[in-house]
Amino acid sequence: MDFSSSTCAPLSVLILGAGHVGTALAAWFTFRSIAVSLWAPLEHRGYLKDFSDACVRIRTSGLLNGDYFVPVQESLASAVAKATLLIIATRADAHPDLVRRFQLIGESLSAKEVLVVCGRGFAIKYAGALSFKRILETDNSPVTSKLTGDHLSVVQIKEFKKVFGASCYPIYLGENSRACLPSDVICMLNQLFPFSVKAILPLETALFSNYITHAVSAVLNIGRLPDDCKLSEKAKSWRRNPEKGGNGFPYYFYGEGSNSVVCRVQEAVDRERLEIGRAYGIVLRPILAESNEEYGTDYPSLREYCLAPSPHNVNFACPDSIQHRYYMEELSNIELIISLANAVGVRVPLTEGVALIIRSAGGLGERTLTDLKAEDAVKFGGNCQK
C-alpha cells in the first residue's frame, strides 16, 4: 500500500476497547496525526481503569517510545455519532455485549463503517442484527503488543504485521470473482496502516488459524494453570515444587508450550480447518504458510516458527487462568467453525474436542450456538462444494 493518504477523506476514529490492541492502535494513530478517541465499558475499563479524566496518557515502548494523549469518551452513543470509523478492539467473547449496546443506538449506525480487529466471524454472527453500512474485519491484529510495567501501565509495541487480511461485508468481488475491497476502503486502510493488506472474504476471516495457535496449545498445556480452588496446608505440602507445577509458573507459551508433539496436534487440527475451507470452495493456506506470510519469515516447520526468538515469543503471554483469552475468546471462534463444518457435513473431531475441554474446564454448559445452514454462508463468500 502507498503510505500517502493525501487524496483520502480525513478520518475520525473511535476505538472500542482499551486493552493492549486498542491502546497500541490509539497511540499509533495519534503518532500518525489521525483523530482518535477511546471508549470502554465501565465494567471492563482496561488501560483506562486508573484514569478518570477526559484524556488518557498512553505510555509506549518498543517501535513507538513516548507518551501519547488520547481523548476518552464516556457516552457510546455520542461517541459513535461523532466518529467516521468505529474500530472494535475487544475480545471476541465481549462482542455479544457490544452488539447489544449497538442495537440500543439503532438506525444511526446505518451510515457508519466498523472495522473489527481479529473479527473471528463478526459479520457472519451479527450482520443480521446490526445496520452498519459496512462491516470490515481483519483476520489478525495488525500490531503485536503487550501491556507491561508496573500495573500494566506501558503498552509495548513489538511489531507490525508484514501482511494481514481484511474482509468487507457486503462482499465485493473483482475479476474471476475474487475478493476485493472498495476503493474508499482501500484509501481508509491506507491512512491507518503502512503495510500490505490483502482482500479476503468474511468466511476466510472466520476460518483464520489463530485459534489453532492459541487454543490448541493452551489446552495441551492446561496442567500448567495455577489451582483455582483453595487447598489445605497439607495438600500444599504435597506439591513437589510449590513454585512451579500447578502454581502458574510462567513459561514461553510458543517456544515451550508448542513443542514438536503439540505442533503435530496443531497441524492435525489445521487439516480439519483446510477441509472446511475446501467444502466452501475456499483454498486456505496451511497454518505455517499463514504465519510466515504475516511476519515475513520462512521457517521450514511449525516447531521452528514457534521456537524462534520472535517478538511474540515472550513468557508473559502464557495463560494464567481458564478465563484467559487463549481459552474463552478462542472458544467463541471455535464454536462458529464447528457450526460451519456441521453445515457442510465436514467432521472435525479434534476441533470439537478442544471446545469440549475448554467448556468442561471453565464449568460451562453445552454450546447454544444454532448451526448455520450451508446456504447462509453464500453471502459471506462461501461456494459450497458438498
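Of the residues making up the stretch 326-341, none is out of contact with any helix residue (DSSP H, G or I) (no Cβ under 8 Å at 6 or more places or on another chain), assigned by TED's automatic domain parsing to the domain that holds residue 366 and either surrounded by fewer than 18 Cβ atoms within 10 Å (Cβ to Cβ) or not hydroxyl-bearing (Ser, Thr, Tyr) (or both).
Total residues in the stretch 121-175 satisfying the condition of being in a loop (DSSP other than H, G, I, E, B), in contact with a strand residue (DSSP E or B) (Cβ under 7 Å, 6 or more places away or on another chain) and within 23 Å of residue 194 (Cβ to Cβ): the figure is 4.
For the residues 347, 303, 278, the requirement of being more than 28 Å from residue 89 (Cβ to Cβ), at pLDDT 95 or above and either crowded, with 18+ Cβ neighbours inside 10 Å or in contact with a Lys or Arg (Cβ under 7 Å, 6 or more places away or on another chain) (or both) singles out 303. Annotation note: Cβ proximity below 6 Å between a residue of the stretch 110-139 that is within 18 Å of residue 339 (Cβ to Cβ) and a residue that is at pLDDT 95 or above and acidic (Asp, Glu) (sequence gap 6+ or interchain) occurs for 119/137; 122/137. Considering only residues in the stretch 42-60 that are touching a residue at least 60 places away in the same chain (Cβ under 8 Å) and within 22 Å of the chain's Cα centre (by Cα), the one that is nearest to residue 149 (Cα to Cα) turns out to be 60.
Consider residue 208 carefully, then state whether it is under 18 Å from the mean Cα position of the chain (by Cα), on the phi < 0 side of the Ramachandran plot, buried (at least 19 other Cβ atoms within 10 Å of the Cβ) and not in a loop (DSSP other than H, G, I, E, B). So residue 208 does not fit the description; no. Screening the stretch 355-376 for residues that are part of a loop (DSSP other than H, G, I, E, B) and closer than 18 Å to residue 214 by Cβ and picking the one that is modelled with the lowest pLDDT gives 364.
Of all residues in the stretch 154-211, those satisfying the criterion of being of a type in the set (S, T, N, Q) and either farther than 26 Å from residue 131 by Cα or without any contact (Cβ under 8 Å) to a residue 24 or more places away in the chain (or both) are 156, 176, 177, 183, 196, 209, 210.
The residue of the stretch 259-302 that is nearest to residue 383 (Cα to Cα), among those that are among the small types (Gly, Ala, Ser) and not in a loop (DSSP other than H, G, I, E, B), is 279. Taking residues in the stretch 262-286 that are without any contact (Cβ under 8 Å) to a residue 12 or more places away in the chain, and partners anywhere that are of a type outside the set (Ser, Thr, Tyr) and buried (at least 17 other Cβ atoms within 10 Å of the Cβ), the pairs with Cβ atoms closer than 7 Å and at least 6 places apart or on different chains are 283/277.
The values are calculated or read from the model by the stated rules, or taken from the named source; none is laboratory data. Because the structure is predicted, anything quoted here is derived from the model rather than measured. Cβ atoms come from the backbone with ideal geometry, glycine included; neighbour counts cover every protein chain shown.
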